[in-house]
Amino acid sequence: MNKTININLAGIIFHLDEVAYEKFKTYLSNVKTALDQEESGEEIIADIEARIAEIFNLRMKENGTQVVGLADVEFIIDTLGQPEAFIDESETEAPKSSSKQTRRFFRNPDEKVIGGVCSGIGAYFDIDPVWIRVLFIILLFFTGIGFITYVILWAAIPEAKTTAQKLQMRGEAVNLNNIEKLFTKVEDYTSTEKIKSGVNSFVSFVVNGIGSIFSFVFKFIGVLLAIAGAMIAFTLIVALLGIFGSTWNLDGFNFISLNGYIYGLDGAQAIFGSGWRLLALRVGTLLTLLLPLFALVVFLAKIFGRELTNSKLLSFSGIASFIVGLILIFISAGSLITDFRERATETDQITLSGMSFDITADIFENEQGFLFDVEDELLHIENVRFNIEATRSSTASLELKHAASGRNHSEARARAQSFDYPTVQDGEALRLSEYFTVPKESLYRGQDLKVTLRLPVGATVYLDESIENIMYDIRNIQDMYDGDMLGHLWEMTPEGLSCTDCSTIQYYNTKEIEESIEGNLDEMEESIERKLEELELELKKLKDR
Amino acid sequence: MRKGVLEYCILGILSNGDAYASDIIERLKGAELIVVEGTLYPLLTRLKNADLLEYRWEESNAGPPRKYYTLSEQGRAFQLELKGTWENLNNAVEQLTSTPS
């Protein structure tokens with residue numbers, strides 16, 4: 001047996017079961033609170049109660065019951081709606097200022113040059129779109145990123161199609177007044193400035209100011225977060241684009257310049273040659289690029305509220321192409337492994353005349369600082385290690401040790417023999433190169449070159465600054481680092497290479513020197529003070545006498 | 001979007017004859033202009049308070065007596081005025097949206 005409660009709605013008595021009553025009571029009190037602020041709110045409530053009575057009555061008749069149940073109350077709530085909605089939709093007093101409306105990103109189809117992206121951004125931030133366009137054009141010319149950014153934004157930001165969206169784009173309330181304004185272009189929103197008493201307007205000025213500062217800060221943080229998220233995805237794309245650009249030798253994609261630092265533009269070509277491997281690598285990187293690109297578009301579209309009808313297809317094809325791309329890259333790279341199986345070394349000896357040398361590395365100079373560089377039919381490889389060692393022979397010599405890998409020994413040997421590394425001796429001057437060259441077809445297969453200068457005891461050598469890039473851990477008595485050895489004259493002694501013109505200060509590290517100087521100064525100060533005291537004492541004694 | 005337009009629609013419905021709240025709701029729901037009934041009652045009261053509407057009570061066999069709304073003189077004049085504005089607006093929209101961009 002259920003308890004029922006009787007209520008009176010617009011003069012009619014209804015029986016509600018307990019559960020229905022609780023729900024109905026809460027709903028009605030919510031409605032009352034919502035309408036409390038309204039002018040003649042009581043009358044509205046009476047109207048609503050009358051309507052509820054009517055619906056209850058109809059449902060009782062239809063269902064042939066006497067008691068109002070939970071289902072009936074829920075039907076009422078569905079039909080009438082939540083009380084918050086009553087007010088929101090009917091609020092016409094106190095027109096909202098434009099800053100209170102939340103703005104949304106839209107592309108502006110009315111003032112577009114290409115896709116309306118810039119004028120949309122301009123409308124969002126209340127900036128003349130010309131500035132945004134200038135920014136994009138600068139980005140386009142300096143780095144090329146502007147182009148990709150534009151395309152991504154174009155795909156992700158919805159176009160403002162309806163009047164309501166065009167108003168939202170500018171952050172204006174969507175109502176009849178503003179719609180009219182949009183068409184008649186009357187722009188004196190501020191003409192109805194309220195004239196208030198001094199104190200009042202000052203207070204409201206301060207309050208408004210603080211309010212707008214806060215809303216600006218929040219908006220700013222929000223925008224920053226969105227930008228940070230987008231930047232991460234973007235960086236990924238840029239990195240992949242860099243690899244992509246380097247595999248295709250595309251100068252246009254060189255804006256990423258990442259490629260340059262890793263391989264040199266020609267790195268991929270130097271390693272992968274020009275056959276199917278390079279093609280597989282290129283297609284592979286292109287395919288892997290699609291996933292982050294699609295992801296960024298979907299992510300931004302979600303932020304900007306664009307409905308992507310085929311986002312599922314997009315993510316599926318993105319993932320699929322990413323996997324296929326990775327497989328292609330792995331196959332291409334994996335096929336290289338056998339090419340490195342065997343290793344061979346070839347050694348050339350060049351006998352040098354004289355006992356003193358002035359070493360420079362200026363025949364081939366590597367200006368770009370890349371590891372690889374393809375020029376005409378030659379592959380430049382900067383993988384030279386220069387060292388100085390002692391020899392028991394009475395004459396100095398230069399040893400060139402070429403090493404290379406190959407699928408089998410004869411292939412590796414052939415590669416090791418096809419080095420070209422020019423050296424010249426002209427009196428004391430011994431000129432080396434910063435890189436060696438191999439024919440383009442022999443590709444990069446682990447080639448390296450060890451250049452060793454063998455000096456008999458008593459021979460001297462001057463190390464020029466230009467050999468900095470090729471010198472590799474030259475041992476010396478003073479135990480100085482390679483970089484510090486430059487610009488000095490060295491002599492081969494029975495104990496090893498020794499500096500003849502280095503000042504002793506270079507043996508210490510600076511901290512020790514500083515400490516010792518400080519210690520000395522302290523000691524000196526103390527002894528001076530002691531001396532002064534003694535002198536003063538003597539003086540006193542003399543005066544006393 | 002509905003702001004203002006809803007008021008205009010209510011006046012328009014009433015210009016074709018008297019109606020009580022449920023009738024108006026049915027019409028507006030049919031045109032998909034409102035989703036929930038609750039929004040309408042504050043509007044009607046506000047229009048009445050602005051002397052654009054008047055109402056009379058009529059007995060109903062389905063429940064409590066119903067308020068039948070009718071346009072006042074002022075309301076009729078205002079409705080015609082709004083109609084003019086609306087048509088201008090409509091033309092403007094038509095013109096703008098039909099020209100190829």
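Nothing in this text is a laboratory measurement; each read-out follows from the coordinates by a stated rule. On a predicted model such as this, the values are computed, not experimentally measured, just so you know. So basically every Cβ, Gly included, is an ideal-geometry build from the backbone, and we count neighbours across all protein chains shown.
Among A:487-494, B:88-95, sorting by the average number of other beta carbon atoms lying within 10 angstrom of each residue, highest first, gives A:487-494, B:88-95.
Using the Cα gyration tensor of the stretch A:387-484, with a ≥ b ≥ c the square roots of its eigenvalues, what is the shape: rounded (a/c below 1.5), prolate (a/b larger than b/c) or oblate (neither)? Taking the square roots of the gyration eigenvalues as a ≥ b ≥ c, the stretch A:387-484 is prolate.
Quick check on the stretch A:339-506: take the gyration tensor over C-alpha atoms, sort the square-rooted eigenvalues as a ≥ b ≥ c, and tell me if it's rounded (a/c under 1.5), prolate or oblate. Could the numbers behind the result be given before it?
Values: a/c = 2.15, a/b = 1.78, b/c = 1.21.
Cα axes put the stretch A:339-506 in the prolate bin.
Sites listed here are trypsin sites (Lys or Arg not before Pro) in the stretch A:379-408 whose DSSP assignment is loop and whose Cβ has at most 15 other Cβ atoms within 10 Å: A:392, A:407.
Among the aspartates and glutamates, select those whose C-alpha is under 20 Å from the C-alpha of residue A:511, and discard any that sit fewer than 8 residues away in the same chain. In chain and number order, the partners are A:479, A:484, A:522, A:523. Among A:409, A:15, a tally of other beta-carbon atoms within 10 Å of each Cβ gives an order, fewest to most, of A:409, A:15.
Other residues within the sphere of radius under 14 Å centred on the Cβ of residue A:482, judged by their own Cβ, net out at -4 (K and R +1, D and E -1). For the stretch B:25-81, applying the loop criterion from DSSP together with a ceiling of 10 other beta carbons within 10 Å to the GluC sites (Glu not before Pro) yields B:32, B:59. Per-residue shielding of B:58-64, expressed as the average number of other chain Cβ atoms within 10 Å of the residue Cβ, stands at 5. Simple spin-label estimate for residue B:73 and residue B:49 gives 2.4 nm between the two label positions (7 Å along the Cα-to-Cβ direction from each Cα).
Other protein chain C-beta atoms within 10 Å of residue C-beta, averaged over A:522-535: 0. Using the Cβ-Cβ distance between residue A:500 and residue A:407 with R0 set to 35 Å, the FRET efficiency from 1/(1 + (r/R0)^6) comes to roughly 0.10.
The distance linking the stretch B:23-87 with the stretch A:297-312 is 41 Å (Cα centroid to Cα centroid, whole angstrom). Sorted largest first, the spans of the alpha carbon positions of the stretch A:4-90 along the three principal axes are 38, 21, 21 Å. Residues A:112, A:302, A:511, arranged from fewest to most other Cβ atoms within 10 angstrom of their Cβ, appear as A:511, A:302, A:112.
Among the listed pairs A:112/A:161; A:3/A:25; A:112/A:312, which are separated by more than 20 Å between their Cα atoms?
Values: A:112/A:161 13 Å; A:3/A:25 16 Å; A:112/A:312 29 Å.
Those over the limit are A:112/A:312.
With viscosity 0.890 mPa s and temperature 25 °C, the Kirkwood radius over alpha carbon pairs of the stretch B:1-92 converts through Stokes-Einstein to a diffusion coefficient of 179 µm²/s.
Taking Cα centre as origin and charging only the Cβ of basic (Lys, Arg, +1) and acidic (Asp, Glu, -1) residues, the dipole magnitude of the stretch A:339-506 rounds to 940 debye.
Which order do peptides A:350-362, A:452-464 fall in by mean Cβ count within 10 Å, highest first? Mind showing how you got there, number by number?
Numbers: A:350-362: 16.2, A:452-464: 19.2.
Most protected by this proxy first, the peptides run A:452-464, A:350-362.
Once the chain from residue A:389 to residue A:37 is taken as fully extended at 0.36 nm per residue, the excess over their C-alpha distance is 117.1 nm.
In nm, what is the difference between 0.36 nm times the number of residues separating residue A:544 and residue A:469 and their Cα-Cα distance?
Working: separation 75, 0.36 × 75 = 27.00 nm, distance 7.55 nm.
Computed gain between residue A:544 and residue A:469 is 19.4 nm.
The local environment of residue A:411, defined by Cβ-Cβ distances under 10 Å, has a net charge of +3 under the rule Lys, Arg +1 and Asp, Glu -1.
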